[in-house]
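Read-outs throughout are calculated quantities, based only on the coordinates presented, and are distinct from any laboratory measurement. As the structure is a prediction and not an experimental result, all values here were calculated from the model. We place every Cβ from the backbone using ideal geometry, glycine too, and count neighbours over all the protein chains shown.
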Amino acid sequence: MTYEAWSPLFLGMVLAMLLANSVQWFMYRERIYGIYSVYTLIWAVYFTINHFSLPYNISNFYKLILSYSGYILYLELAKIFLNLKDRPKFLRWVVVVQGMLVAYCVVKTYIYLFTNFWQTKLHTILLQPVRFALLSVGAYIVYSFFRSKDVVARFFVAGTASLLVNHAITTLLLIRSPNISVDLPFWQHPDLFIQTGVVLDLIFFSLGISYRHRREAVNKAVLEKDLEREREQHHREFLEADLALRKMQQEKTEMQMRALQSQINPHFLFNGLNTLSSLIDENPGQAGEFVDELSKVYRYLLRSNEAELTTLGVELSFINSYFHLLKTRFGGSVHLDVAIQETYNDALLPPLTLQLLVENAVKHNVVLRQTPLHIRIRTTTDQQLIVENTLQRKTIRVESNGVGLSNIADKYKLLNQPAPRIEEQNGWFRVTLPLLMPQSVIES
């Protein structure tokens, strides 16, 4: 069987791979598919030329241009398959080899078309170093990457090795018999091994490109899944933050309602009206003052839902009115000491914080003339507000819904501030609150 009988089979295989890859290139429009399509087309044309009877120099010129263009594109594919952008030195070396191949093609074109040097024995001898140089380039690439763990690089190395082995056999056959005879058995024909190496090279490259595309598709799907999961996480966090804000607003409303209800419950109204009735008969002037302070308390309670923060100065002004009601009711049984540095008057805190703490102190402790309740409100040099009272708990259990201190703690948590510190020490019940300093105070 002659080489001419095998040649159409190789051509058909290359054309089939060209058609399949061209379809992929039109579908995906990726650079690697375009380069590989041109690379396959070059070898298809190369195999086709073998079926035409052309002058020796013209045939060799076409084969030169096609084969070395294929080698240049092969190195271009190597940049992608081997990811040479991560190995800049190797990339520069590949670019230099491509430039040398272009220069070699220019020189050989001149020799084949405009001189008779190609007919000399010296020309045949000079071809051998070039062939061995190409084999060395392929061998160096195989040596550098045959241990690579990247599957795509392994496909490229396998294709290069196939091309390398068959080109080595071709070179040996050409050295043995430079003039190719049509009477040679097909297993001794150099072009048979060239075409075998090219076909195997194209098959491995095609497998490598397909695997690379599938891997990128999987990575893209995983990335999209991660992005979707991240979006869901952000959405969940947004909903949680929105829920926390709504909870804060709800707790604020509940606190305000609880404060209002604690002031307008029948027992409080009975005591307040009883006190007011006594004052009207005994001290009309003090009664009028009591009504004025009572109106201030209710006015502040009704307006406290307009802002999430208020200044310490405003809160102290309110607590003075509120304590006036307690003082009128309990007389000398309750005392309030306020020691606030003026620099902290503009410091911020949640509204009704002081009212809740003073209310808790009166509610849970004995308030008698013999054992008066002392309440102190003071600041420290490290931006802390301390509200404390003498610890003299009532022996009778006081009904409480427990939202006072926890409500204040939740508010500071939602404001990303340290939680209030609650402690009992040396007969005092103490609550330490962080003050939020406005920008103007911080800059000054």
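Structure summary
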read-out	value
Length gained when the stretch Val107-Val45 is fully extended (0.36 nm per residue, less Cα-Cα span)	20.1 nm
Exposure proxy ranking, count of Cβ atoms within 10 Å, fewest first, for Ile169, Ile422	Ile422, Ile169
Likely footprinting exposure, Met13, Met100, fewest C-beta neighbours within 10 Å first	Met100, Met13
Semi-axis lengths (Å, descending) of the ellipsoid that matches the C-alpha gyration tensor of region 307-443	26, 17, 14
Dipole in debye (nearest 20) - region 3-231, about Cα centre, beta carbon charges: Lys, Arg +1; Asp, Glu -1	680 debye
Of Lys252/Lys296; Lys89/Lys121; Lys225/Lys411; Lys79/Lys149; Lys225/Lys252; Lys89/Lys220, pairs whose Cα-Cα distance is over 28 Å	Lys89/Lys121; Lys225/Lys411; Lys225/Lys252; Lys89/Lys220
Proximal lysines to Lys394, defined as alpha-carbon separation beneath 18 angstrom and excluding residues fewer than eight positions away on the same chain	Lys363
For region 3-231, Kirkwood radius (reciprocal of mean inverse C-alpha pair distance, Å)	19.1 Å
Length gained when the stretch Val366-Ala419 is fully extended (0.36 nm per residue, less Cα-Cα span)	16.3 nm
